[in-house]
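Have a look at the structure below, then the notes.
Laboratory data are not the source of any read-out in this text; all were calculated from the coordinates shown. The model shown is predicted, which means the values in this text are computed figures rather than measured ones. Neighbour counts are summed over all protein chains in view; Cβ atoms, including those assigned to glycine, are modelled from backbone coordinates with ideal geometry.
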Amino acid sequence: MSRTARPRRYLMCRPSHFTVDYSINPWMEPAKPTDADRAVAQWERLYTLFRELGHTVELITPIPGLPDMVFAANGATVIDGTALVARFRHQERVDEAPAYVEWFRSRGYRTVHRAEFTNEGEGDYLLVGERVLAGTGFRTDRRAHAEAERVLGRPVVTLELVDPRYYHLDTALAVLSETEVMYYPAAFSPDSRRTLAELYPDAVIATDEDAAVFGLNAVSDGLRVVLPEAAVGLAAQLRARGFEPIGIDVTELLKAGGSVKCCTLELRGAPA
Ligand code: ARG
């Protein structure tokens, strides 16, 4: 199978104010020390890698006191130039949303929708071809899925997450191409597992070990798949299918419960 990369536009946020001083997911242990310089160095490597791969990366300015802002994927979902901005579940992150509204407005996005229902952007909304897979269970409100369908103009498929370690869809499932995904079945309810098996019978299935190092928190451009380097089993499976996996060390960010994909919001459609 021959695969081709399509150049992407991403939005990222440098972790200048990175720390773990509250806990809103099971990975976050405020008592455990964090190293902001190390977080920045790991993030810089990811930022540089995307550019070396031919992608465009835009930046949003980090705000002091919002240490999770590095996880730009949560800020919005952008399709056809429409930005559906997040409404965060936890008080600790609610102030991130206005920064995204401001960023999209200042860049000239015509439709910048402030969400009525709680949703955490591409943490829970993943576009696969024409379809949006939408997570719920921990963060994004189920009622937000209908809002997303209306605002983004794409069919939305609801998927229910059941394991608190995999609290966002992008921690349990990654989009590989217009038609292919990889995922960790145990993170989903039995109904959602059935849905996934029907929609994607040939999906790459992650082991417990690969899921636990956030191997599914990956970013694919159709050929190259950037993922945490510890996910060696997934890397081998991807290589066997003609993808080019690129492992990267973002273990400092994992202390906050995030990895490669969490740092990366895809910008689809105008403005350039
Ligand atoms: N500490 C952040 C939170 O719990 C991590 C977000 C990770 N982002 C993601 N797209 N999964 O909200």
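Details
- Qualifying residue in segment 111-123 (condition: on the phi > 0 side of the Ramachandran plot, part of a loop (DSSP other than H, G, I, E, B) and more than 14 Å from the ligand (Cβ to nearest atom)): no
- Consider segment 76-87 and keep the residues that are of a type outside the set (Ser, Thr, Tyr), outside any loop (DSSP other than H, G, I, E, B) and away from the ligand (no atom under 16 Å from the Cβ). The one that is surrounded by the most Cβ atoms within 10 Å (Cβ to Cβ) is Ala83.
- Among the candidates His90, His55, residue that is surrounded by fewer than 18 Cβ atoms within 10 Å (Cβ to Cβ) and in contact (Cβ under 8 Å) with a residue 60 or more places away in the chain: His90
- The residue list Ala39, Ala73, Ala31, Ala99 contains one member that is in contact with a strand residue (DSSP E or B) (Cβ under 9 Å, 6 or more places away or on another chain), within 16 Å of the ligand (Cβ to nearest atom) and at negative phi, which is Ala73.
- Checked against the criterion of being among the hydroxyl-bearing types (Ser, Thr, Tyr) and in a helix (DSSP H, G or I), segment 54-68 contains not a single residue that satisfies it.
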